[in-house]
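Would you mind keeping the following structure in view while I ask a few things?
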Ligand SMILES: Nc1ncnc2c1ncn2[C@@H]1O[C@H](COP(=O)(O)OP(=O)(O)OP(=O)(O)O)[C@@H](O)[C@H]1O
Ligand SMILES: [Mg+2]
């Protein structure tokens with residue numbers, strides 16, 4: 001037999017085909033599914049998926065979550081009522097669908113409209129998103145200052161959502177995006193396409209604190225000249241989490257900061273894979289990721305910074321640091337630079353280590369028990385990543401999550 | 001109070017302490033002097049419970065407690081305190097947070113309630129004032145960017161706050177200027193008490209001018225090779241250790 005195994009559909013791929021056949025989708029969605037079928041689920045042979053073999057890991061496909069009915073929306077409202085706010089205008093998606101009845105009235109200048117438009121299905125996870133999501137939600141942020149909280153409130157089932165967000169020239173936007181409500185029966189595929197106009201600034205903080213069986217998140221961001229993006233993600237929940245970011249600038253002097261903190265325990269797995277494209281001169285990029293990996297959990301960081309021939313005077317620095325708390329915890333840390341311009345300053349550092357025994361002993365010698373001593377050092381380690389978050393209310397909420405996670409571990 | 005019996009300790013298979021015997025009584029200040037590398041810090045670490053040392057023989061008792069059977073934090077709760085020769089920097093942990101965690105952990109271990117924040121603040125401010133430590137410094141991360149002398153002062157501040165029964169001071173005088181030496185010594189003397197014992201490791205008589213020892217022990221090659229009164233320190237200052245290096249061999 002010489003049949004290449006990739007030519008045989010896995011159970012999950014077959015199930016996806018069946019699910020799709022039962023829909024009556026638009027032409028672009030059909031094209032996207034056809035693209036997915038050509039690509040198949042990504043495997044470790046795909047460089048970008050080397051440490052997260054989705055094809056092998058995705059053994060069962062959840063049924064598509066139905067559009068929320070009145071009862072579901074009421075339950076969602078109750079859940080939202082007890083969710084402390086972390087931003088200004090609250091925008092809610094329930095099971096992947098925009099739920100205008102649960103949203104705040106948008107402030108003037110802010111627009112939210114559904115759109116059937118879709119990006120090129122150039123990658124399997126994005127192709128699946130286009131095929132299954134019922135269009136995208138287009139959010140136009142207003143000029144001037146704005147603050148938006150996007151809540152994804154998800155129940156069981158396969159959930160697809162796509163956002164297209166644009167921050168106009170010179171505007172300053174603070175966005176908090178939270179994934180809430182998911183359980184071991186949730187498989188999520190969320191795509192965000194973000195555009196920043198000239199001299200716009202966006203602080204975007206993502207919180208993944210619920211416990212989806214599968215959390216696939218794709219972020220594409222393009223910056224105009226002198227725009228600034230400060231993106232942070234806290235991953236403290238989810239059995240299998242994959243965040244893939246593709247961020248770049250086509251015009252000069254953009255500033256890009258991508259950072260995050262992953263808190264992993266049990267057998268959880270979180271993969272952050274990013275590509276940063278400097279395609280114009282004078283760009284600045286800072287990646288700063290920290291990972292705490294306990295038990296038999298595993299973390300992945302792959303960061304690739306590409307500096308195109310025209311991107312002179314690029315200033316890039318990438319750092320990814322992991323602490324392993326047990327002999328069975330794993331971290332794959334892979335920073336990469338691809339530099340095709342000669343006048344650039346780019347550096348990277350990646351470390352994987354353990355807590356410092358000298359520091360632990362010092363704390364113990366003062367009577368602080370082992371678990372508490374570890375928690376103090378871990379909180380300090382995580383807090384240093386959270387420092388990248390500009391909004392103090394959001395940063396406080398992140399620190400609170402970090403403490404809660406550490407406490408849960410100690411219990 | 002402290003009873004070290006025939007203690008032998010190795011690190012990475014290399015013997016450092018070799019059948020060491022030492023008794024320190026309640027209310028006593030005992031000084032230990034000895035050449036570099038003779039094992040003074042090792043002894044202090046083993047009393048405090050540092051894990052990388054392997055105890056190959058002997059016992060360490062604090063009153064009725066077999067210290068070698070206790071974890072370092074349990075020893076601290078029983079009243080053991082080590083002022084480190086090289087205090088450890090802990091980035092990201094504010095000194096105040098650390099002090100409060102230590103104090104309350106020890107109280108909990110003894111079945112006492114946590115201190116209220118105002119009571120804690122009062123205690124810290126008092127200790128800081130008597131040791132002339134700027135309270136603003138305590139907002140900074142533990143020992144990070146502290147000068148050598150500041151680190152030593154904050155060690156003694158911790159000791160004053162935690163009120164241990166057995167205080168082991170490992171070269172607390174090194175790095176202190178003349179005024180700081182006096183302030184720190186006064187801090188130590190203020191803690192002298194019939195229920196408390198001190199083991200003061202030093203190379204210099206000048207500390208013992210301020211903290212007057214009851215007993216002076218000379219350590220060489222992992223053993224106590226001579227014990228005497230305060231005059232022994234003066235004699236060492238004059239003659240050095242040459243008489244004792246042979247004694248241990
Ligand atoms: N962690 C360690 N690893 C390797 N060797 C060690 C370690 N700790 C101590 N030693 C060795 O043990 C011996 C005793 O060291 P120790 O620090 O106890 O001496 P000391 O009497 O305190 O010296 P000093 O007066 O210089 O402070 C030295 O030879 C030292 O190199
Ligand atoms: Mg020493």
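Packing-wise, with mean Cβ within 10 Å as the measure, how do B:213-219, A:259-265 rank, highest first? List each step's numbers first, then the result.
Details: B:213-219: 22.3, A:259-265: 25.4.
By packing density, highest mean first, the sequence is A:259-265, B:213-219.
Here's something else I'd like to know. Normalised radius of gyration for the range B:100-159, please: alpha carbon Rg relative to 2.2 N^0.38 Å, two decimal places. Working shown, then result.
Working: Rg = 12.3 Å, N = 60, 2.2 N^0.38 = 10.4 Å.
Cα Rg divided by the expected 2.2 N^0.38 Å: 1.18.
Something else about it: Work out Dmax and Rg for the range A:244-313 from the C-alpha atoms and quote the Rg first, both in angstrom.
Reported Rg and Dmax, both Å: 14.8, 45.
What's the whole-number percent of alpha carbon pairs in the protein assembly as shown lying beyond 38 angstrom?
Values: 103052 of 217470 pairs.
When every Cα pair of the protein assembly as shown is considered, 47 percent fall beyond 38 Å.
Is the shape of the range B:117-249 best called rounded, prolate or oblate, per the rule: a/c under 1.5 gives rounded, else a/b larger than b/c gives prolate, else oblate, with a ≥ b ≥ c the square roots of the Cα gyration tensor eigenvalues? Show your work: numbers first, answer last.
Values: a/c = 2.46, a/b = 2.02, b/c = 1.22.
The shape class here is prolate.
Ignore the peptide's own chain and count Cβ atoms of other chains within 10 Å of each Cβ in B:65-73; give me the average, rounded. Numbers along the way, then the final one.
On the way: counts 0, 0, 0, 0, 0, 0, 3, 12, 11.
That works out to 3 on average.
Turning to a different aspect of this structure: Using a ≥ b ≥ c from the Cα gyration tensor of the range B:30-101 (square roots of the eigenvalues), is it rounded, prolate or oblate, where a/c under 1.5 gives rounded and otherwise the larger of a/b and b/c decides, a/b for prolate? Don't skip to the end; give the middle numbers.
Working: a/c = 1.98, a/b = 1.31, b/c = 1.51.
Judged from the Cα gyration tensor, the range B:30-101 comes out oblate (a/c at least 1.5, b/c at or above a/b).
I've got another one for you. Quick one: order A:304, B:40 by neighbouring beta-carbon count within 10 Å, fewest to most.
Values: A:304 18, B:40 25.
With the fewest neighbours first, A:304, B:40 line up as A:304, B:40.
Find the relative contact order for the range A:355-411 and round it to a whole percent, using C-alpha pairs within less than 8 Å whose residues are 6+ positions apart.
Values: 25 pairs, mean separation 18.8, N = 57.
Relative contact order, the range A:355-411: 33 percent.
Report Rg/Rh for chain B, rounded to two decimals, where Rg is the Cα radius of gyration and Rh the Kirkwood radius. Kindly include the intermediate steps, with their values, before the conclusion.
Working: Rg = 17.8 Å, Rh = 18.6 Å.
Across chain B, the Cα-based Rg/Rh ratio is 0.96.
Write down the percent of antiparallel bridges among all DSSP beta bridges whose residues are both part of the protein assembly as shown, to the nearest 5. The partial results should precede the final answer.
Numbers: 30 of 181 bridges.
Percentage antiparallel, nearest 5: 15.
What does the structure give for B:102-115 when I average, per residue, the other chain Cβ atoms found within 10 Å of the residue Cβ?
Details: counts 8, 3, 3, 8, 3, 1, 3, 2, 1, 0, 0, 0, 0, 0.
Mean partner-chain Cβ count within 10 Å for B:102-115: 2.
Let me ask something else. Would you order A:162, B:122 from fewest to most other beta-carbon atoms within 10 Å of each residue's own beta-carbon?
Going from sparsest to densest Cβ surroundings: B:122, A:162.
Percent of Cα-Cα pairs more than 29 Å apart in the range A:11-251, please.
Working: 7448 of 28920 pairs.
Within the range A:11-251, distances greater than 29 Å cover 26 percent of Cα pairs.
Sticking with this structure for a sec: Equivalent-ellipsoid semi-axes (√(5λ), Cα gyration tensor) for the range A:155-307, whole Å, largest first?
Numbers: eigenvalues 160, 56, 26 Å².
One finds semi-axes of 28, 17, 11 Å for the range A:155-307.
Let me ask another. How far is the Cα center of the range A:168-195 from the Cα center of the range A:55-108, in Å?
For the range A:168-195 versus the range A:55-108, the Cα centre distance is 11 Å.
May I pose another question? Please list the three semi-axes, largest first and in whole Å, of the ellipsoid equivalent to the range B:11-151, using sqrt of 5 times the eigenvalues of its alpha carbon gyration tensor.
Details: eigenvalues 179, 76, 45 Å².
Here the semi-axes work out to 30, 19, 15 Å.
Using every Cα-Cα pair within the range A:255-411, state what percent have a distance larger than 29 Å.
On the way: 3216 of 12246 pairs.
Value for the range A:255-411 (Cα pairs over 29 Å): 26 percent.
If you line up the Cα atoms of the range A:355-411 on their principal axes, what length do they span on each, largest first, in Å?
Largest to smallest, the principal-axis extents are 37, 23, 16 Å.
Counting other C-beta atoms within 10 Å, which of B:119, A:210 has the fewest, and how do the rest follow? Before the final figure, lay out the partial values.
On the way: B:119 11, A:210 20.
Going from sparsest to densest Cβ surroundings: B:119, A:210.
Bear in mind these aren't lab numbers, they're just calculated from the coordinates by the rules spelled out. Owing to the predicted nature of the structure, the values given are computational and were not obtained by experimental measurement. Methodologically, a virtual Cβ is constructed for each residue, glycine included, from the backbone with ideal geometry; neighbour enumeration extends over all protein chains shown.
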